[in-house]
Amino acid sequence: MPVRAMSQDAVSANQYVPQSFEARHRVRWEEAGLHKAKGPASGKPKYYVLDMFPYPSGSGLHVGHALGYVGTDIVSRKKRMEGFDVLHPMGWDAFGLPAEQYAIQTGRHPRSTTDENTANFRRQLQNIGLSYDWSREIDTSHASYYKHTQKLFKVLYEQGLAYRAEVPVWWCEELKTVLANEEVINGRSERGNYPCVRRPLKQWMLKITAYADRLLADLELLDWPESIKVQQREWIGRSEGASVRFRLEAGGEVEVYTTRPDTLWGATFMVLAPEHPLVAQLTTPAQRAAVEAYALAAKSKSELERTELAKDKTGVATGAYALNPLLDPNDPRARIPIWIADYVLWGYGTGAIMAVPGHDERDFEFAQKFGLAVREVVRPPQGTKGLADGECFSGEGTALHSGPLDGLTTSAAKAKAIELLVAQGCGAKKVTYKLRDWLFSRQRYWGEPFPLIHLEDGTVVLLPDDALPVLLPDMDDFKPSQDGSAPLARAKEWVETRDPRTGATARRDTDTMPGWAGSCWYWLRFMDTANTAQPFSAEAETYWGPVDLYVGGASHAVMHLLYARFWHKVFYDAGLVHTKEPFQKLFNQGMVTAYAYEDATGRLVASDEVETKGEAWVRKGTGEPLQQIVTKMAKSLKNVVNPDDIIAEYGCDTFRLYEMFMGPLADSKPWNTRDIPGCRRFLERLWRVCVDEKSTDSVRPNLLTATTGELQGESLQLERSLAKALVRVEESFTHFNFNVAIAAFMSFVNDATKAPQAVTRSQAQRLLAALSPFAPHIAEELWQRLGADGLCAAQAWPKPDMRYAVDDEIDLPVQVNGKLRATPKAPKDADKAGLEAVARAAVAAHLEGKEILKVVIVPGRLVNFVIKG
RNA sequence: GAGGGAAUGGCGGAACAGGCAGACGCAUCGGACUUAAAAUCCGAAGCCGCAAGGCAUGGGGGUUCGAUCCCCCCUUCCCUCACCA
């Protein structure tokens, strides 16, 4: 429903019709090169504002995606007005599974669908009036880009960080590809939610674990949300402990990892992961059948089953025994049974643990279930429950029943235990990480080919830079083969090649890089997109790096941000970049949610099948009552809102304002189309403050000439109002709560609406300049109508005049016993005595005949009388 | 289970980070303009109460002259990780 009926005469030259000028001003900005990043020659300080670039999906952008983009656009525009050389680019993370899945279903080449999708994204972004430097647009799936991705992979390879290994990998039968650990959730693919199984396959791996410590430590250098840092720390999962070698009674030994070496005297059994290679050797004949059955069952269990059944421990004894290395072999406590159980993970530590049921919840549960011994070796602090109360105590306390450790605190006991282990030659201090090396190959078509060849003798040879890019061969069938080999294996002519240096016959690698590869360095490419010879020049990197502000969703907390940091650090070591970290400040925009509706059974009902009935919502036709809920925007819920539709109806500036007016950028908040007209009305009021719609003048006459002399009367009042608004606008940039800035603009315009003839030309100019990052088109249009010099978007950022930001008189809240009783006027800078006098007079009735115990006076704030009774 | 974040009118949200709770906007109601409506403008409005006044920032306690803000306990919601020895 349009805001107003657009009859022919309504579209007069003097009404606010954004569609009539928004596109025109975009052309003017473009022609002025306003959004072009100039680079080192600009002579200006730089500012690099980056959005997490999108995967160009077929469904296009919705209003939630636009949130962060509008936010960074406002920052970029303001920074330019403040005299910075701003780099604010956009591009496409265009390799990836969905395009390929779509290609398999429809037979359309991913190249053409990707091009269509990026064209649509670009059109949508431009429609929002975002001030990207489009001359720097990149597409990770173009050879001109992935040529450099291949070069940078070589850097990793040359640093010894890329290797091939036969590893058990997640295989997704439906997608016919391997997936990285983090792409599999509870045994199902993150994308598509298909079941996955573990399978051994020879794969490319990147040694991210070599950087674990630095990835952890350098988080301290970053201005990032604490929650993201926490997630990264947990993902890296550093723990300090000890490796301990237990001798086997039957010969040989098993190494375990523990973070509690101080509890060694409390180890009453040992548990190996079912996949542990020693299991087969050490199992006694009597137990062999049971152990093999258990191991087989564990293997076929999905990760989901293994975790869902977490509460119920399972396991089988192997019949073998190990000897505690720090106890006398004749001590009956030294001999402990070895079990296998799937609560011990083969992928972490050594895949074997010493179980201390007295002081580890999981071991305790296992011991309870299988009737194994429990021994107390840590006394809990006073008042904490422990084994004496029938509970497991896993905290820190004092060692007991532990020979030489007795009486030591947990931390001292740990150190002592390690000392003893080292002295005995059966253990050492050890640091362990949850982070694993990164599985870096996929059996897919739509990704970067590896820049290397395999010789007949199995040697891997990197291709020289002049042999790059290794182009993706043109294919029309992208299906993976039944045996799991990659589609590229079918491009026989492509696969069979020669070593460019020796001419020896060779085969290309038929795997491609994962979807993350392109985004592991794209912020560097943006610095120097015209460079065809190198990924980026040292000169460009020195000037632009690091990214000053990086904005995107919190969903990339771990994977993208960890991978990107890893590559950046490798480049740092290789001397390619001058900063240790790529993204100095990170900001997560909140999620835009939307209303959805569910019926009595909790089933979702599409928004277009819902209508309001009084205060309630009902299903169209049937009148069945529905419940309104707030969820994420999703196609399946039919509650997705497309920015194109909003812009067509209300104009781009209204759309931008509403996106920001909803709430602070970081918050998650519901989209409510009903609220949009409020932002549109604000712009119309602003328009009428500047333009008399009934006349044919381009602006009101009072705005045509500069006011001279002291401001008086309404003009002075408006000056105060403007100064206050500008203060709030300025403050909104520290927390990205632009909703407050917009509210401040509204307040000023409301004031100005009451006396439009009192607005001075200077006030109008400062207002428009300050508004222009938020609503750039109307600001530019009115600027032009004012006949002011240059582009509004190129003006210096207006600073508030603090002389006008405070009123001469304040409303002084006067409380009696903390309750507000009056708010008389008081001079702004009255002293305590003056304030008390004003206050006493104002609440004389309340003080009558009462004993005043205390008077609290906060200058500029309030007065509080504390009275008796 | 662990960690992180949050809870303020009918709704989205403000509030110098201890000092007038509810800015700004939506929805609502009244008035002006209009033949009428839309649009616009002016105004009302947290809740209870005719009023005086009382009650109010998820619930309960505490510190303070004064608490949305600080401390303790509890409830609910969102996000992340989830047997990591």
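The values are calculated or read from the model by the stated rules, or taken from the named source; none is laboratory data. In this text the structure is predicted, and so the values were computed from the model without any measurement. Note: ideal-geometry Cβ built from the backbone for every residue, glycine included; neighbour counts use all protein chains shown. Surface areas here come from the heavy atoms of the whole protein model, side chains and all, with no ligands, DNA or RNA. Shrake-Rupley method; radii C 1.70, N 1.55, O 1.52, S 1.80 Å.
Applying a DSSP loop filter and a limit of 15 other Cβ atoms within 10 Å to the trypsin sites (Lys or Arg not before Pro) in the stretch A:11-74 leaves A:38. Computed over protein heavy atoms with a 1.4 Å probe, the accessible surface of the stretch A:675-804 works out to 41 Å² per residue. Using C-alpha pairs below 8 Å separated by at least 6 residues, the relative contact order for chain A is 14 percent.
Each Cα pair under 8 Å and six or more residues apart adds its sequence gap; the mean of these over the residue count of the stretch A:675-804 is a relative contact order of 31 percent.
Given 10 °C and 1.306 mPa s, compute D for the stretch A:113-176 with the Stokes-Einstein relation, Rh being the Kirkwood radius over Cα pairs; round to the nearest whole µm²/s. Using the Kirkwood radius from Cα pairs, D works out to 101 µm²/s.
With helices as the sole contributors, chain A gives -10000 deg cm²/dmol at 222 nm; each DSSP H run of n ≥ 4 counts as -39500 (n - 2.57), and the sum is divided by every residue. Near residue A:867, the amide H atoms lying under 5 Å from its own belong to A:817, A:853; only residues 5 or more places off or on other chains count, and H is placed 1.01 Å from N. Here the stretch A:809-867 has an Rg and Dmax of 10.2, 30 Å, counting Cα atoms alone.
The mean sequence distance of close C-alpha pairs (under 8 Å, at least 6 residues apart), as a share of the length of the stretch A:360-413, puts its relative contact order at 29 percent.
For residue A:438, the solvent-accessible surface computed with a 1.4 Å probe is close to 10 Å², ligands and nucleic acids excluded. Pairs with C-alpha atoms separated by more than 19 Å, drawn from the list A:79/A:585; A:724/A:754; A:154/A:492; A:202/A:430; A:46/A:724; A:207/A:569, are A:154/A:492; A:202/A:430; A:46/A:724. Relative intensity of chain A on a log10 scale, I(q)/I(0) at q = 0.06, 0.08 Å⁻¹, equals -0.59, -0.95, per a Debye sum over C-alpha point scatterers of equal strength in the absence of solvent.
Using a probe of 1.4 Å, the accessible surface attributed to residue A:855 totals some 50 Å² when neighbouring protein chains are kept in position.
Sparse packing (at most 16 other Cβ atoms within 10 Å of the Cβ) combined with a DSSP loop state is found for the following trypsin sites (Lys or Arg not before Pro) in the stretch A:372-416: A:385. Each Lys and Arg adds +1 at its Cβ and each Asp and Glu adds -1 at its Cβ; summed about the Cα centre, chain A shows a dipole of about 780 debye. Dipole of chain A computed with +1 at Lys/Arg Cβ and -1 at Asp/Glu Cβ about the Cα centre; of A:486, A:742, A:451, farthest Cα towards the positive end is A:742. For the stretch A:675-804, the convex hull spanned by the alpha carbon atoms encloses 107 Å³ per residue.
May I ask you to list the GluC sites (Glu not before Pro) in the stretch A:390-461 that are in a DSSP loop and have at most 14 other Cβ atoms within 10 Å of their Cβ?
Values: sites: A:391, A:396, A:419, A:456; in loops: A:391, A:396, A:456.
Those that pass, being in a loop and sparsely packed, are A:391, A:456.
Using Cβ point charges alone (K and R +1, D and E -1), the dipole size of the stretch A:675-804 about the Cα centre works out to roughly 180 debye. Our note on the geometry: Cα centres of the stretch A:233-250 and the stretch A:73-133, 46 Å apart.
Could you rank A:658, A:572 by how accessible they are, 1.4 Å probe, largest area first? The partial results should precede the final answer.
Values: A:658 10, A:572 80 Å².
From most accessible down to least: A:572, A:658.
Shown for chain A: the carbon plus sulfur share of the solvent-accessible area, taken with all protein chains present and a 1.4 angstrom probe, equals 51%.
Counting only heavy atoms of protein chains, what accessible area per residue, in Å², does the stretch A:242-432 have with a probe of 1.4 Å?
47 Å²
Taking every eigenvalue of the Cα gyration tensor of the stretch A:242-432, multiplying by 5 and rooting it, what semi-axes result, largest first, whole Å?
Values: eigenvalues 142, 77, 43 Å².
Those come to 27, 20, 15 Å.
Between the listed residues A:140, A:56, A:853, the Cα displaced farthest toward the positive end of the dipole of chain A, a dipole computed from Cβ unit charges relative to the Cα centre, is found at A:853. Solvent-accessible surface of the stretch A:809-867, taken per residue with a 1.4 Å probe and all protein chains present: 60 Å². A Förster radius of 45 Å, combined with the Cβ-Cβ distance separating residue A:531 from residue A:227, puts the computed FRET efficiency at roughly 0.80. Comparing A:169, A:208, A:224 along the charge dipole axis of the stretch A:79-225, the residue lying farthest to the positive side is A:169, per the Cβ-charge model.
Need one number: convex hull volume per residue for the stretch A:58-187, Cα atoms only, in Å³. Each step should come with its number before you reach the end.
Working: hull volume 23.4 nm³, N = 130.
Expressed per residue, the convex hull around the Cα atoms of the stretch A:58-187 is 180 Å³.
Once you reduce the stretch A:461-500 and the stretch A:171-222 to the center of their Cα atoms, the two points are 23 Å from each other. Once you order the gyration tensor axes a ≥ b ≥ c over the Cα atoms, which shape class does the stretch A:486-644 get: rounded for a/c under 1.5, otherwise prolate or oblate by comparing a/b with b/c? It is oblate, given that a/c is not under 1.5 and a/b is not larger than b/c.
In this rough spin-label picture, where each label sits 7 Å from Cα along the Cβ direction, the residue A:382-residue A:197 distance is 6.0 nm.
By a 1.4 Å probe calculation restricted to protein chains, residue A:214 has an accessible surface near 80 Å², given to the nearest 10.
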